[in-house]
1. Could you list which residues have their amide H under 5 Å from that of Val108, counting only those 5 or more apart in sequence or on another chain, with H placed in the peptide plane?
2. Tabulate in residue order the Karplus-calculated ³J(HN,Hα) for segment 175-182, using 6.51 cos²θ - 1.76 cosθ + 1.60 with θ = phi - 60°, rounded to whole Hz; enter x for Gly and Pro.
3. Tell me, what is the percent relative contact order of segment 47-143, built from C-alpha pairs under 8 Å that lie six or more residues apart?
4. Quick one: what are the phi-derived ³J(HN,Hα) couplings along segment 117-123, Karplus 6.51/-1.76/1.60 with θ = phi - 60°, whole Hz, x for glycine and proline?
5. Between segment 43-57 and segment 107-146, what is the separation of their alpha carbon centroids in Å?
6. Of all the accessible heavy-atom surface of the chain, with the other protein chains kept in place and a 1.4 Å probe, what percent is carbon and sulfur?
7. Per residue, how big is the convex hull of segment 95-187 when only Cα atoms are used? Give it in Å³.
8. Binned at 5 Å from 0, what are the whole-percent values of the Cα-Cα distance distribution for segment 52-116, short to long?
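The values are calculated or read from the model by the stated rules, or taken from the named source; none is laboratory data. For clarity, every value in this text was computed on a predicted model and none was experimentally measured. All Cβ positions, even for glycine, are placed from backbone atoms using ideal geometry, and neighbour counts span all protein chains on display. Only protein heavy atoms, including side chains, enter the accessible area calculation; ligands, DNA and RNA are left aside. Shrake-Rupley method; radii C 1.70, N 1.55, O 1.52, S 1.80 Å.
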Amino acid sequence: MLTHALKRELLGIARSSIATALQPKPARNSVAPSPELLQPSGAFVTLRIHHELRGCIGYMDSSLPLAEVVAEVSRKAAFDDPRFPALTLYEFDRVTLEISVISLQRRVCSKDEVTVGEHGVVIELGSSRGVLLPQVATENDWNAEQFLDALCRKSGLHALAWQDPDAKICVFTAEVIKEDEVLREHPA
């Protein structure tokens, strides 16, 4: 579990990374992150404007330090998510950030091993691969089967592909850091 101070630091890294990329002549951030944020970890950054998705990109795992991963995927979510145009300076002032720090994955054999609200899910079948973060199921009020169906559709597979014996399904957890909640709990 990350402390409140480390959550604020990660949010600052994410926001600063996007802000720097929006500048005509990007400056380099020279502040070293806290030692706890130098451990390798996967992470996703989700951008929202008025609770609507505006970008989401991440890495399930990484050999890079968490602080570096968050900086990189923040920029990618803002500028490289193929579902959206690049974030503008105007939108930057309205966007809220959500960081999901990803745990190690564990393979499962049944939908009964997927705990909605706790687990995110990864599916691999043939050349298709997809990921849904744990919060997606609760945001949509899905049960485990609906969650897996949605994951398959997102991955370009038919909804019941998760039942294929060749499908590799893994679960993971995520520590979710929501900017609005962190700032509301302890304003600066």
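1. Ile169, Cys170, Val171
2. 8, 9, 10, 9, 3, 4, 6, 5
3. Values: 84 pairs, mean separation 21.0, N = 97.
That works out to 22 percent.
4. Rounded to whole hertz, the list is x, 10, 9, x, 9, 10, 10.
5. 19 Å
6. Values: 5380 of 10250 Å².
Carbon and sulfur: 53 percent of the exposed surface of the chain.
7. Each residue corresponds to 105 Å³ of Cα convex hull volume.
8. Answer for segment 52-116: a P(r) of 3, 14, 21, 19, 14, 14, 9, 4, 2, 0 percent.
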